[in-house]
Amino acid sequence: MKSSPRLLILSLVLLTAVTVLAKKRKKDPTCDAKNIPNTSRVCRLNGVIVTPSVRGEFIKLTECTWNCNLGCKWVGGPKKRTCKGRPGEWKKQQRSNGQYQKSKGIQCACRSCTGGPGDWPGVGASADCTSGPPYGAGTLCNYPCGPGYTTGSGNRQRLCFNSIWRDHVSDLVCTDIDECAADIDNCAQVCTNTDGSYTCGCNPGYVLNADGVSCDDVDECAADTDNCEQTCTNTVGSFTCGCNDGYVLNADGFSCDDVDECLDNNGGCAHDCDNTVGSFTCSCLAGFILADDGLNCDPEPTGEMPTVMPTDSP
Ligand SMILES: [Ca+2]
Ligand SMILES: [Ca+2]
Ligand SMILES: [Ca+2]
């Protein structure tokens, strides 16, 4: 009769264990953490965000919301559930009519993109992607702001969303580069900054060449855009005016005045000097005639025949 005490002891141990487990369950009812693929989860208890216990459980009345991961599409199932309190059991989302929604949980579609993200108009190809190729759902590819701009903040991206590339722009700030101030322009003379680029120009007296950057001198004389009264000489970047003989350039640099040659040494005339516009003439007193040089005066001939000098004859 030794088996009866053993059975009694075994029964007592089992009863104690069941009681302890039952008390524990009643004291600390939990739900499993319910990890659903391709989702993220936020759980709150009485409004405070909570995480699963070290045993991977939530306590009763914890309310969780599941969302599909970036790039995955929600295709069904409840996003929000409440821990009912029995292990492994979550109360399904209650509808407004009091009925509980029947579902296993949120379902997300996460198909990969077969092709690349493509070019962005005005910018070109993607700078880099978070992964790939191949490009899984949720892959993000970055595009810069484009030539002439720096990326201040935010993103210009394409997202692989369940096999389809979607534009994904968030608070993108592109700042114009001042190429003139940064001295990275290639203008020969004048640089003007513009939004997204810059333009070249030339100083007065030059004209921009077809290359859009270099400058050539304008020949104002040939183009007849000078305002010289008499003569014009082209110079690089400008031109100079001059005057014909007998004239002098005025202080304005353009107009010419007659030179009164008679004021300077009587114009070189032996007797009288008469100023004319652009020249002068000499004349002689009575009894004299103007010499061939136009300056000196010779006595008028007396009318006598010139003396013929005898020649030696043999
Ligand atoms: Ca610019
Ligand atoms: Ca010139
Ligand atoms: Ca004169």
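The values are calculated or read from the model by the stated rules, or taken from the named source; none is laboratory data. Quantities reported herein were computed from a predicted structural model and do not represent experimental measurements. Note: ideal-geometry Cβ built from the backbone for every residue, glycine included; neighbour counts use all protein chains shown.
Okay, here's what the table says:
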| read-out | value |
| --- | --- |
| Residue count, segment 206-261 (criterion: within 16 Å of ligand 3 (Cβ to nearest atom), more than 20 Å from F280 (Cα to Cα) and not in a loop (DSSP other than H, G, I, E, B)) | 0 |
| D171 loosely packed, with under 15 Cβ neighbours inside 10 Å, more than 16 Å from ligand 2 (Cβ to nearest atom), outside any strand (DSSP E or B) and modelled with pLDDT under 95 | no |
| Top-ranked residue of segment 199-213 - restricted to ones that are more than 16 Å from ligand 2 (Cβ to nearest atom) and without any contact (Cβ under 8 Å) to a residue 24 or more places away in the chain, ranked as surrounded by the most Cβ atoms within 10 Å (Cβ to Cβ) | C200 |
| Selection from segment 177-196 of residues that are outside any loop (DSSP other than H, G, I, E, B) and loosely packed, with under 14 Cβ neighbours inside 10 Å | T192, T194 |
| Failed item in (1) in a strand (DSSP E or B); (2) more than 60 Å from the chain's Cα centre (by Cα), with D292 passing the rest | (1) |
| Residue check for E304: at pLDDT below 95, exposed (fewer than 10 other Cβ atoms within 10 Å of the Cβ) and among the charged types (D, E, K, R) | yes |
| Sole residue being outside any loop (DSSP other than H, G, I, E, B), surrounded by fewer than 18 Cβ atoms within 10 Å (Cβ to Cβ) and modelled with pLDDT under 85, chosen from R25, R86, R55 | R25 |
| Any chance S279 is in contact (Cβ under 8 Å) with a residue 24 or more places away in the chain and within 16 Å of ligand 3 (Cβ to nearest atom) | yes |
| C64 vs. criteria assigned to a strand (DSSP E or B), modelled with pLDDT under 85 and either within 27 Å of C160 (Cα to Cα) or outside the structural domain of L140 (by TED's automatic domain parsing) (or both) | no |
| Selection within segment 115-139 - over 15 Å from V169 (Cα atoms), aliphatic (A, V, I, L, M) and within 22 Å of the chain's Cα centre (by Cα) | A125 |
